[in-house]
Amino acid sequence: MSKMTLHLKIWRQKSRNAEGALEDHTIENILPEMSFLEMLDVLNEKLIKAGKEPIEFDSDCREGICGTCGLVINGVAHGPQHLTATCQLHMRTFRDGDTITIEPWRAKAFPILKDLVVDRAAFDRIIQKGGYVSANTGSARDANELPIGKEYADKSFDAAACIGCGACVAACPNASAALFVSAKVSQYTYLPQGHPERYRRVLKMVNQMDEEGFGNCSNHGECEAACPKGISIENIAIMRREYVKAALRAGAAVV
Amino acid sequence: MSTATKRNIEVREGAALKANIPSGSLDRKWDTYKAGIKVVNPANKRKYTVLVVGTGLAGASAAASLAELGYNVKAFCTHDSPRRAHSIAAQGGINAAKNYQNDGDSIWRLFYDTIKGGDFRAREANVHRLAQVSVNIIDQCVAQGVPFAREYGGLLSNRSFGGAQVSRTFYARGQTGQQLLIGAYGAMMRQVEAGKVELLSHREMLDLVVIDGKARGIIARDLYTGEIEQYAGDAVLLCTGGYGNAYYLSTNAKNSNVTAAWRCHKRGAYFANPCFTQIHPTCIPVSGDHQSKLTLMSESLRNDGRVWVPKNPTDKRPPAQIPEEDRDYYLERKYPSFGNLVPRDVASRNAKYVCDEGRGVGETQLAVYMDFADSIKRLGEKAVRDRYDNLFEMYERITGENPYHEPMRIYPAVHYTMGGLWVDYDLQTTIPGLFALGEANFSDHGANRLGASALMQGLADGYFVIPYTLGDYLANSEIKPVSTQHEAFGATTQEVQAQVSQLLAIQGNKTVTEFHRELGLKLWDYVGMSRTADGLKQVISEIPALRKEFWENVRVPGDAKDWNKNLEFAGRVADFLELGELMAIDALNREESCGGHFREEYQTPDGEALRNDEEYTYAAAWEYTGKPGDPILHKENLEFENVKPSQRSYK
């Protein structure tokens, strides 16, 4: 096992409104099988022992599904490995002597709380507007009464695999949330259960996305490239079609 | 082993517990119960406020369902968004007795499998109710737009899981927990929009407020600002998950913890069967000291993966060079009828045995192979990819090895805790008005949980049980209005604040993680896959010393009024240091082997768990007496009226 020495440039910011800056750290004896966050754990243990404040970052499941973690690593949301959340990025991706820049998600709608931690409550508020099927508990009919073609179920699942991490926003030059919102719109567009509310849903969610201060989508495709779950920008096309249909049918009255 | 003196414990016993199980035949109990309860009329429901702590499957489904009924709900989660609760990480699936496969499944069979899987240490009536409502869960989730796996004809697809001989597991690729949680989260967010749920994210419950003997509020810390906040309500629902992180290394998320449940325990809620912990057989092995958590590989892989080790301990050839005749497919050999699909406790223990024999594989020799070569040959790589691709990818990302070409290396890891707060049939703890749902309670899985049953239980409790039982409590209890001005709020808040200040004031030499790791190793060694009286006495004497050192020598950086991850963890580790001792005491008290609790002194000649039904057919619920390590035991005797406990056999 070859141990690595790495030079880190890490964003430090005391609070929401404080000015931030990159801080230099050199760390030794990093093993290739460590995860990226374990490398930061090691650094933080050292800082605490030295009487310094550790670098704040958030993470939870550390298996790429909860969407809590998210760092911009060398300018790339979630780092260099395709289809990989920060927590599943391993140090074997880096070489001895590398310099690594680590920053938080940057977007107006995701204010920085401290160091590498951002506030993504905007996503919850978008979902709140219609990212669900309205089905009260207890009112459902038998699950097999309504067959749904495998192709549609699979497509729906592909969109539903979004983990809400926000990498799409961080990667987008406009800080647009179009990929996130469209994934939810698509999930329910592919399923008959989603149809009764489809137009209402897309209008309200898109409206909220704008309210939150996310930018517009201008087809850069950076979002898809950064997405750890491979959510396709095809979903954005679906969302646009749905939005146009909804706007034509219902006008602004639904919003 | 250190030379610290071993502590003998003398168990003090208190009054037996009654679970309030409805009368009548097993299959009528739940209906009888529902027919007999009082309901709160719709106009009155909006006068009640329910505090739901935790927004995993149990919490989100409860919050949504109660709000739909008209209650005012406040939903708390430690995460920045409720969608991140650890239910999200469940991979394999959810059981339901739909019998869509025409393979002989039924409510009775699911009930029976669960009781047997739990090694006859679960409560019959609860488990039967769980099996009954399992079918409604699938209907509900499909109605919500959960994209379950389907066949080409458009109907739902099923697969098999350990401990069952029918195919009753519904799934959404390897992300079933995620899809079910997003469904429940969506339902809850709909109620946020409707104004019936107030969402309080990034709040950690740090204490329970008890007034006139009833749960009437909580004290929480805003993890963004560090503010200590007070919330009053008419009932409190704990949906805060399990305590697997006591072991430090587990498949739980980094933030999973016992704090909310433990602090309720210290306020009077009994903690049941803490020694019933589940070690999951198929996890990615530990790679070094830096390891921060372990990653599970879904049990569904055992449908197509064959588990083996070399026959000969000296055989160090790479797996591909070991011919069939030199391999030991030990699960297929020992358990021909269940083979690789034996329950988790059996699979884990057997992995430990072959590694103890020196036949473990990989660098650390603490791993066994799970091999897909035969399935790839039989089904083609595409079919295997369809079933497990995301799991294979995850494995490759972590280990750098491709499981399509070489067998996975797996080893058991702590995964789930069957123990938890004691609850009666209504899911009510020993504190009136405090309910525990999902993994936070102890009720349904006995000494071992079967695969794909955790999601089922979380959603059963939240969608279909608590809406009835909570209503009955509220309608039957005299609940006076209280506000956070009540003196109990002030007193409890002060205690919470004092603890936070104390943690920051110590400024010792060891980090929170160092203490946590140390405790975790002790628990893994002595209260892990196999336990002995000697080892347990040893650890019961060591933990108080470690706890003492923690309170003298921990270093928590940063401030109270700020985002401070180390401070959060410090409070949680302080609680694990108390719970760990109770786990060991419970394990020492239970002089038998059952399910995940394996005492080396009690085994059959061929190494299977040997229960002692005569003396231990009970749930052990522990009462806190004011200091850790000095609990009083309350027994709930388990009565098996419908199933005769037998030695579990998966041969």
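Hey, for a label at B:Asp289 modelled as a point 7 Å past Cα toward Cβ, could you say which residues of region B:509-530 have their backbone N under 19 Å away?
B:509-525
List the relative contact order of region B:372-496 as a percent without decimals, with contacts defined as Cα pairs under 8 Å and 6+ residues apart. Walk me through the intermediate numbers first.
Details: 88 pairs, mean separation 19.5, N = 125.
16 percent.
Starting from 0.36 nm per residue, how many nanometres of slack lie between B:Trp551 and B:Gln647 once their C-alpha separation is accounted for? Kindly include the intermediate steps, with their values, before the conclusion.
Values: separation 96, 0.36 × 96 = 34.56 nm, distance 4.49 nm.
In short, 30.1 nm is gained.
Tell me, what % of the accessible area of region B:486-619 is carbon and sulfur with a 1.4 angstrom probe?
Details: 2160 of 4620 Å².
With neighbouring chains kept in place, the figure for region B:486-619 is 47 percent.
Under the definition of Cα pairs under 8 Å and six or more residues apart, what whole-number percent is the relative contact order of chain A?
Numbers: 464 pairs, mean separation 48.6, N = 255.
Relative contact order for chain A comes out at 19 percent.
Label region A:121-250 by shape, choosing from rounded, prolate and oblate, from the square roots a ≥ b ≥ c of the eigenvalues of the Cα gyration tensor; if a/c is under 1.5 it is rounded, and otherwise prolate applies when a/b is larger than b/c, oblate when it is not.
Taking the square roots of the gyration eigenvalues as a ≥ b ≥ c, region A:121-250 is prolate.
Just tell me how shielded A:160-166 is by partners: mean number of partner chain Cβ atoms within 10 Å of each residue's Cβ, no decimals.
Details: counts 10, 8, 3, 6, 7, 1, 0.
What the average comes to for A:160-166 is 5.
With a ≥ b ≥ c taken as the square roots of the eigenvalues of the C-alpha gyration tensor of chain A, please select rounded if a/c is under 1.5 and otherwise prolate if a/b is larger than b/c or oblate if it is not? Could the numbers behind the result be given before it?
Working: a/c = 2.46, a/b = 1.94, b/c = 1.27.
Because a/c hits 1.5 or more and a/b exceeds b/c, chain A counts as prolate.
Accessible area per residue for region B:509-561 in Å², computed with a 1.4 Å probe and the full protein assembly in place, what is it? Provide the component values of the computation, followed by the final result.
On the way: 1920 Å² over 53 residues.
Averaged over the residues of region B:509-561, the accessible area is 36 Å².
With a ≥ b ≥ c taken as the square roots of the eigenvalues of the C-alpha gyration tensor of the protein assembly as shown, please select rounded if a/c is under 1.5 and otherwise prolate if a/b is larger than b/c or oblate if it is not?
Values: a/c = 1.14, a/b = 1.08, b/c = 1.05.
Because its axes are fairly even, with a/c under 1.5, the protein assembly as shown counts as rounded.
In Å² (nearest 100), what accessible area is buried between A and B, both sides summed, heavy protein atoms only, 1.4 Å probe? List each step's numbers first, then the result.
Values: alone 13410 and 24350 Å², together 31170 Å².
That pair of chains buries around 6600 Å² in total.
Please give the FRET efficiency for B:Glu600 paired with A:Asn17, using the beta carbon to beta carbon distance and R0 = 60 Å, rounded to the nearest 0.05. Working shown, then result.
Details: r = 59 Å, r/R0 = 0.99.
Calculated value: 0.50.
As a test of the formula, what do you get for chain B when each DSSP H run with n ≥ 4 contributes -39,500 (n - 2.57) and the sum is divided by the residue count, at 222 nm and rounded to the nearest 500 deg cm²/dmol?
Working: 18 runs with 228 residues, N = 651.
When only DSSP H runs of four or more count, the value is -11000 deg cm²/dmol.
Anything losing 30 Å² or more of accessible area from the isolated chain to the full protein assembly: pick those residues out of region B:553-572, probe 1.4 Å, ligands and DNA/RNA ignored.
Residues of region B:553-572 that lose at least 30 Å² of accessible area once the other chains are added: B:Arg555, B:Pro557, B:Asp562, B:Trp563, B:Lys565, B:Asn566.
Peptide B:282-295: average number of partner chain Cβ atoms within 10 Å per residue? List each step's numbers first, then the result.
Numbers: counts 0, 0, 1, 0, 0, 8, 5, 2, 12, 5, 10, 9, 2, 7.
That works out to 4 on average.
Under 8 Å for C-alpha pairs, at least 6 residues apart: give me the relative contact order for region B:486-619, rounded to a whole percent.
Numbers: 153 pairs, mean separation 38.3, N = 134.
Computed value for region B:486-619: 29 percent relative contact order.
Average partner chain C-beta neighbours within 10 Å, per residue of B:508-515?
Numbers: counts 0, 1, 2, 7, 2, 4, 3, 0.
The mean count of partner-chain Cβ atoms within 10 Å per residue comes to 2.
Tell me, what HN-Hα J-couplings in whole Hz come from the Karplus equation 6.51 cos²θ - 1.76 cosθ + 1.60 at θ = phi - 60° for each residue of region B:577-583, using x for Gly and Pro?
My calculation for region B:577-583 gives 5, 8, 4, x, 5, 5, 4 Hz in order.
Tally up the carbon and sulfur contribution to the accessible surface of region B:280-415 as a whole percent, 1.4 Å probe, everything protein left in place.
Details: 2610 of 5230 Å².
Heavy-atom surface of region B:280-415 belonging to carbon and sulfur, 1.4 Å probe: 50 percent.
The values are calculated or read from the model by the stated rules, or taken from the named source; none is laboratory data. Just so it is clear, the model here is predicted, and its values are computed rather than measured. Neighbour counts are summed over all protein chains in view; Cβ atoms, including those assigned to glycine, are modelled from backbone coordinates with ideal geometry. Accessible surface areas use protein heavy atoms only, side chains included; no ligands, DNA or RNA. Shrake-Rupley method; radii C 1.70, N 1.55, O 1.52, S 1.80 Å.
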